[in-house]
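Encoded as structure tokens, the structure appears first; notes follow it.
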Amino acid sequence: MKAHLYIRIKMQDGSRPFCEPVYSANRKLKPGYAVVKGKPEHHQEGVYHLRYLRGEKRVWESVGADAQEALLRQHQRELILDGQKAGVQVVEPITTGRDLGASIDSYLAGVSVARSANTYVQYEYALRIFKQVCTKRTLEGITREDVLNLRDYFIGKGNSNYTISHHLTNLRTFLTYYDQPWPLKKTDRMKPTKKLVKAYSKEEISAMLSVGSEDEKDLLWFLLGTGARKAESLNATWSDVDFAHGTFNVSEKDGWTPKDKEEGGIKIPAVLVDRLKARKANSKGSRIFPMTVCNPEKEILHIIKRLAFKAGLNCGECQCKPGKAYPHGRCCATAPICKRYKTHKFRKAFATLHSENGVPVRTIQRWLRHSSLETTLKYLAGSDDNTDAMRSRVDATFSAIAA
Ligand SMILES: [Zn+2]
């Protein structure tokens, strides 16, 4: 029985098709070559896959990026399939360990299909560095020392505990996927200092809006008025907006699923409804915010940072390390890089402002599409401390006591 060999590549438009691999005259594989539109093309990122039938079911099996290894695995698989067809009890070959590089390639291929571009970049980075610092070739061989090497690499780079712990979590998710135990001890953990992310104040939002173009104002009002996440905003289409009832609906799209698969309708303010009406009149496509750049989530962040800088809101203390583009580094006093301005804070402001205005927390939970109330309460922690109602309540608590 045949196990067909394919090579999975990444195209410029982000798609990841399975293609025929390229063979030389003597049936040897040409490493990293795929047949694209009838022509051989070199794809360094290509990962070989086998396709075969297990009973009635079609199975895809990743066999790594190495051409020779892939041919060997194909041969082994075909022997096993033949044996099974003949009714022979075949013991699947016991390998001494799964190849680390091939496992990473195969895992990342899955991430690139199922998760956002940003998530992919995060995983790719952590796993690529891990492959460099890990002294073992197989998943089974990984020890505590290898993971500590990764931790120390990031410490050496001057990364914060928060960032390091994030990278380690990604590595842990990868190992868990392959049923590998997590080798670190509790004391090895990098304790991230808990950051209390404050929502934008009304003044900050007004200042950013005052320096934005109409296009940028549309985006800011959308983020603020719907509380939508980045990916949800980028995937929003005109059919998600109910102009008659003034609601926005987060819905599943072709090739995109909302986080936690929660669909839901959100009441939006009249000012946003009016903006969207005007925007729709000039819109050609189905998306509300079509973006042609390769990393649209980052583009949203850049827009916010540019507006904060333009509005003179930057704290003046954030430093950016020297790099290729800026050999002397940058400071947020003179560049749009202030760390206080990020996309998610609009979602937080959406929740906080609604809460301050008396919208019930259960409603806010539904609009944020949180499955647990606890998450929503964390969002709102301390949010009503600054309201006038809270001020008079605090004063009233002590009003009967002589001054
Ligand atoms: Zn700053």
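The values are calculated or read from the model by the stated rules, or taken from the named source; none is laboratory data. Bear in mind the structure is a predicted one, so any value in this text is a computation, not a measurement. Note that we place each Cβ from the backbone using ideal geometry, even for glycine, and neighbour counts take in every protein chain shown. Keep in mind that these areas ignore ligands, DNA and RNA; they rest on the heavy atoms of the full protein, side chains included. Shrake-Rupley method; radii C 1.70, N 1.55, O 1.52, S 1.80 Å.
Of everything in region 302-325 that's of a type in the set (Gly, Ala, Ser) and either in a helix (DSSP H, G or I) or more than 16 Å from the ligand (Cβ to nearest atom) (or both), which residue is modelled with the highest pLDDT? Talk me through it step by step, then tell me what you get.
Applying the first criterion (of a type in the set (Gly, Ala, Ser)) to region 302-325 yields 308, 311-312, 316, 323, 325.
With either in a helix (DSSP H, G or I) or more than 16 Å from the ligand (Cβ to nearest atom) (or both) added as a condition, the list becomes 308, 323, 325.
On the way: 308: 96, 323: 80, 325: 84.
Applying the filter and picking the extreme gives 308.
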Meets criteria (farther than 25 Å from residue 246 by Cα, open to solvent by 30 Å² or more (accessible area, probe 1.4 Å) and not in a loop (DSSP other than H, G, I, E, B)) for residue 391: yes
Consider residue 209 carefully, then state whether it is open to solvent by less than 50 Å² (accessible area, probe 1.4 Å), modelled with pLDDT of 95 or more and either in contact with a helix residue (DSSP H, G or I) (Cβ under 8 Å, 6 or more places away or on another chain) or under 21 Å from residue 345 (Cα atoms) (or both). yes
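Whether any residue in region 351-365 is part of a loop (DSSP other than H, G, I, E, B), in contact with a Leu (Cβ under 7 Å, 6 or more places away or on another chain) and either assigned by TED's automatic domain parsing to the domain that holds residue 272 or touching a residue at least 60 places away in the same chain (Cβ under 8 Å) (or both) is what I want to check. Don't jump to the end; show me each part of the working.
Taking region 351-365 first, the residues part of a loop (DSSP other than H, G, I, E, B) are 357-360.
Then keep just the ones that are in contact with a Leu (Cβ under 7 Å, 6 or more places away or on another chain); that gives none.
No, the conditions are met nowhere in region 351-365.
I need the helices (runs of 4 or more DSSP H) fully contained in region 191-246, keeping only those with at least 3 residues that are assigned by TED's automatic domain parsing to the domain that holds residue 342 and farther than 13 Å from residue 275 by Cα.
Numbers: elements: 202-210, 214-226, 230-234.
Those helices (runs of 4 or more DSSP H) span 202-210, 230-234.
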Per the filter on region 326-361, residues within 16 Å of the ligand (Cβ to nearest atom), open to solvent by 50 Å² or more (accessible area, probe 1.4 Å) and small (Gly, Ala, Ser) are 333
Tell me, please, whether a residue that is open to solvent by less than 50 Å² (accessible area, probe 1.4 Å) and more than 23 Å from the chain's Cα centre (by Cα) can be found in region 117-131. no
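Could you pull out the residue among 284, 267, 321, 277 that is exposed (fewer than 12 other Cβ atoms within 10 Å of the Cβ) and either outside the structural domain of residue 236 (by TED's automatic domain parsing) or touching a Gly at 6+ places or on another chain (Cβ under 7 Å) (or both)? Full working, then the answer.
On the way: 284 fails: either outside the structural domain of residue 236 (by TED's automatic domain parsing) or touching a Gly at 6+ places or on another chain (Cβ under 7 Å) (or both); 267 fails: exposed (fewer than 12 other Cβ atoms within 10 Å of the Cβ); 277 fails: either outside the structural domain of residue 236 (by TED's automatic domain parsing) or touching a Gly at 6+ places or on another chain (Cβ under 7 Å) (or both).
None of the other options fit; the residue is 321.
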Of residues in region 155-167 being without any contact (Cβ under 8 Å) to a residue 24 or more places away in the chain and outside any loop (DSSP other than H, G, I, E, B), the one least open to solvent (accessible area, probe 1.4 Å): 163
